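Data first, discussion second: the structure below is written as structure tokens.
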Amino acid sequence: MAFQIQVPFPVPFPLVTRKTDPLIQCIIDNKLQRLKKLIRGKDINGVYPSEVWEDDVTLLTAAVICKNKEICSYLIKESADPNKLSTNRLAPLHYAGCTRGVSLSIVKRLLAAKANPDGHDIQIFTPLQYAVDHNRDDIVKALLETGASASRNYGGNQVLDKKMDDMIHRLSSQNKDFEKVQIFFSFSCAVSKKPQTEVFSIYKAHFLKEHPFTHTLLFEEYFSVIGAGAEQYQQSAIKWLKDTKSADKYIEDVIKRFPRILKRSWTVAFNCLNAALCVSERLSPQIFNELVPILTNSVQPFGNAHGDRVNQLIPTVLDVMMQKTYKQKLNISHSVYENVCNGLMPLTKANSSQISLVTYGVFAQINDFAPEVVAKCGLSPVPERILNAAEIKMDETMKEKLQNLNTSLGDPSSFSAVDRICEENAVSPSTTKQKKKKKNQKKLESQVGEKEDEEKQSFPDTMTSIEETKSSVQPFTPPVENLPAERRWHPISRRWNEQFEKLSKIDTSKASPLRSYTLVLADEFKIAKGSDGTQVFLGLRDDGTEVAVKRMLKSNYQDLKNEETFLRLPELDSPSIVRYIDFAEDDNFGYLILQLCEYTLEEYIQDHLPDDSSQRTCVLKELVREVLCSLQVLHSQQTKVLHRDIKPQNVLIDIRGKAKLADFGISRRLKPSETTLRTSIAGTKFWKAKEAIDEKSNRGYKRSSDIQVAGMLVYYILSSGHHPFGKGPFCEVNILQGKYTLEHLEDDVAKDLVEWMINEDPEKRLTVDQTLAHPFFWNDERYST
């Protein structure tokens, strides 16, 4: 059977005589088993001739043209590349758009396998244009929902441009998301047709509108216009930020949106972020701490143009942040500086002198605040080429800082004895550390006493980070006398505002002697109670930060220490994970100080969702995404952490309504070569994977085990509190037998996601990356509370 396709535009390659390859013929004849035999030893991503299609195509492209879902699925599972081009420079998505009868499910499968919806730069027309030309509204929608640009290659063909205009207009009348798509599309068209002043006048009212699929703002598109008038666009954008006082709002919005901004748009986001930081009058420690992991986790491998542009912008943005820190005399936690240093280390080896220069400049500024952090990060002395470049490109102040950095790196002994002792105390949490501290303290007591007094006078508030302190264990000390009646307090929490107001004014005699914190062990300040006698109290840090203090008896607090160990991992420093701040202990209890959140997921689902049904749907979908993003942090190849206790009570909701994963008391980390943990059964009743209940199966615990429980949680969220395996004594029996019901879900796509996640066979469950690529998220629009 021959399959005819219609290519809408002339292909710029001469026709050659071809004979159809046997592999291609197997696909045409729908003989999967024969294909499996013939493909052994062959390149699954090679191109093979087809006489009927007058092209040399990949096997996956052939399966698409033949509309064969089974063979498509098989090839993708075997790692077929959905972006490999044919000899005529067409990808599978191109052929899907111009071949009659190709189902939408095949297109979605290609997109889920990371097919680029925009095609390749060398192609004259995009897959979207092919689909538009053939009036495939369904494929057009799927491509746009995956981030395809309607304006890419626009202007090259008047007939096709008119079809694109009509298609976008038609879709915008059907759906609010596509109304926004039309605004972005019309803006791109206007840039090429109208003067900058007119474009600004028309579109400034839409600057803070978010594209529903790429999650960029129209302001970012406006700021990033290229060409002859680019400077006018940038200058007017900066003026708009100043005139409307929108810089701070924009920065906060970037932090919220960044996890879903497409990687290809990172340069746009970082460029605008840099401009907004320059315009902003004040940078808070909280914003600084939230931006650091976004930037350092975005460092790209060298070797491609886009990655190099991203890598140039990251230290540039951090440089502006460090300058703001210096001017405002912000006190940032050393652990945050450690994250900056560790994240920027690869950029010191960049081939680009500009990238390395700015990177070393950031290290030079950190060296001013925390020289011991720079000293222990493994940074080599500043290369001569960087010092030479600094002579031309840096001002005198920065050149002096760079020279100081170079001197420090060349002579580590230049750091004071006090610095070295502090560093040893911070790094080593063992009892050996305490002995060493006492020994060194006696030795140096007379030498450094005066210097310590001077430091206390110069830096009275050395612990003002709202994220994390440097110390690992803080022993209790007697209460300080004559404290002021009212303590420093920066009100953030709405739920606990009344209690914090009391805490800020409470008599010192009623507070527990926890150094650097005000803690009152009374029921009115207790916010949670866990297993094994664990209790969680509200606490107020001396710098005014609201915190949660988790207390457990030392006789049974190994889980608490385990949780501290995990939360201190640099890999878990993420907006998706509840942040570690400090740890303390006395004779009877251990105390873990954590970022304060407002609600558990269970509380939030029951009592705090919006009344409007459409808003509620958006919030629930966003919660699902955030939970999966937190699991993605744990399951990454660099981290390989198994949570082992996922449940509604261990997902917390912060003041912004963002979900964060918490409670790592029974978590474990796989070794680099491990995929399975074999240990005793762990978890909470009704929230265990099948293999964690059935100990006789001897399957152990894998990342897929977390996935099954996360699937239960996804259903719990979307169904507003129901469990897919039921409730009561039969729940775990149903988990073992694979019996579930999704009756409280109406969305078939959501059901598909849950079913893949809770599959009783661990090998068939999705990975966390696959869950986030699932079609359930394709037409997502962020709902901002």
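Values as computed for the structure displayed
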{"quantity": "Helix-only mean residue ellipticity at 222 nm for the chain, each DSSP H run of n ≥ 4 adding -39500 (n - 2.57), per residue, nearest 500", "calculated": "-14500 deg cm²/dmol"}
{"quantity": "Global form of the stretch 143-232, assessed from the alpha-carbon gyration tensor, a/c cut-off 1.5", "calculated": "oblate"}
{"quantity": "Crossing angle, helix 703-718 versus the chain [Cα axis fit, 0-90 degrees, rounded to tens]", "calculated": "90"}
{"quantity": "Among [x] 1.05; [y] 1.95; [z] 0.98, the entry derived from the coordinates for Cα Rg over 2.2 N^0.38 Å", "calculated": "[x]"}
{"quantity": "Cα-Cα over 25 Å, subset of Lys256/Lys751; Lys327/Lys399; Lys550/Lys647", "calculated": "Lys256/Lys751"}
{"quantity": "Overall dimensions of the stretch 635-785 as given by Cα atoms, namely Rg and Dmax in Å", "calculated": "15.3, 46"}
{"quantity": "For the chain, the longest site-free run once trypsin sites (Lys or Arg not before Pro) in DSSP loop states with at most 10 other Cβ atoms within 10 Å are removed", "calculated": "41-328"}
{"quantity": "Angle between the chain longest axis and helix 285-296 axis [Cα atoms, degrees, rounded to 10]", "calculated": "40"}
{"quantity": "Estimated vicinal HN-Hα couplings, Hz - the stretch 204-211 in sequence order (Karplus 6.51, -1.76, 1.60; Gly, Pro = x)", "calculated": "4, 5, 9, 4, 8, 6, 9, 5"}
{"quantity": "Exposure proxy ranking, count of Cβ atoms within 10 Å, fewest first, for His334, His206", "calculated": "His206, His334"}
{"quantity": "Part-to-part distance (alpha-carbon centres) for the stretch 81-101 and the stretch 125-185, which is given in Å", "calculated": "18"}
{"quantity": "Ranking of Phe219, Phe207 by count of other Cβ atoms within 10 Å, fewest first", "calculated": "Phe207, Phe219"}
{"quantity": "Mean shadow area of the stretch 22-169, taken as a quarter of the surface of its Cα convex hull (nm²)", "calculated": "8.2"}
{"quantity": "Rg over Rh, two decimals, the stretch 627-696 (C-alpha only, Kirkwood Rh)", "calculated": "0.99"}
{"quantity": "Taking Ile506, Ile183, Ile735 and counting other C-beta atoms within 10 Å, the order from fewest to most", "calculated": "Ile183, Ile506, Ile735"}
{"quantity": "DSSP loop GluC sites (Glu not before Pro) with at most 10 other Cβ within 10 Å excluded, longest remaining stretch of the chain", "calculated": "1-280"}
{"quantity": "Centre separation in Å (Cα based) which lies between the stretch 271-306 and the stretch 584-662", "calculated": "24"}
{"quantity": "Zero-based 10 Å bins, Cα pair distances in the stretch 474-596, whole percents", "calculated": "13, 45, 34, 8, 0"}
{"quantity": "Among Asn135, Leu93, His206 - extreme Cα towards positive end, dipole of the chain, charges at beta-carbon", "calculated": "Leu93"}
{"quantity": "Chymotrypsin sites (Phe, Trp or Tyr not before Pro) within the stretch 249-300: DSSP coil, no more than 11 neighbouring Cβ in 10 Å", "calculated": "none"}
{"quantity": "Cα gyration tensor shape of the stretch 40-93, rounded if a/c is under 1.5, else prolate or oblate by comparing a/b with b/c", "calculated": "prolate"}
{"quantity": "Size of electric dipole in the stretch 474-596: Cβ of Lys, Arg +1 and of Asp, Glu -1, about Cα centre, debye, nearest 20", "calculated": "220"}
{"quantity": "Gyration tensor verdict on the stretch 203-349 (Cα atoms; rounded if a/c is under 1.5, prolate if a/b is larger than b/c, oblate otherwise)", "calculated": "oblate"}
{"quantity": "With eigenvalues of the C-alpha gyration tensor scaled by 5 and rooted, the stretch 678-757, Å", "calculated": "22, 13, 10"}
{"quantity": "Positive-end residue, the chain charge dipole about Cα centroid, Cβ charges, pick of Ile332, Gln499, His306", "calculated": "His306"}
{"quantity": "Residues in the stretch 622-636 that a label on Lys263 would reach, taking backbone N under 19 Å of a point 7 Å out along Cα→Cβ", "calculated": "629-636"}
{"quantity": "DSSP-loop chymotrypsin sites (Phe, Trp or Tyr not before Pro) across the stretch 664-770, with at most 12 other Cβ within 10 angstrom", "calculated": "none"}
{"quantity": "Of Lys69/Lys764; Lys180/Lys658; Lys329/Lys510; Lys67/Lys162, pairs whose Cα-Cα distance is over 27 Å", "calculated": "Lys329/Lys510; Lys67/Lys162"}
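Laboratory data are not the source of any read-out in this text; all were calculated from the coordinates shown. In this text, all values refer to a predicted model and were calculated from it rather than measured experimentally. No Cβ is skipped: glycine too gets one built from the backbone with ideal geometry, and neighbour counts run over all protein chains shown.
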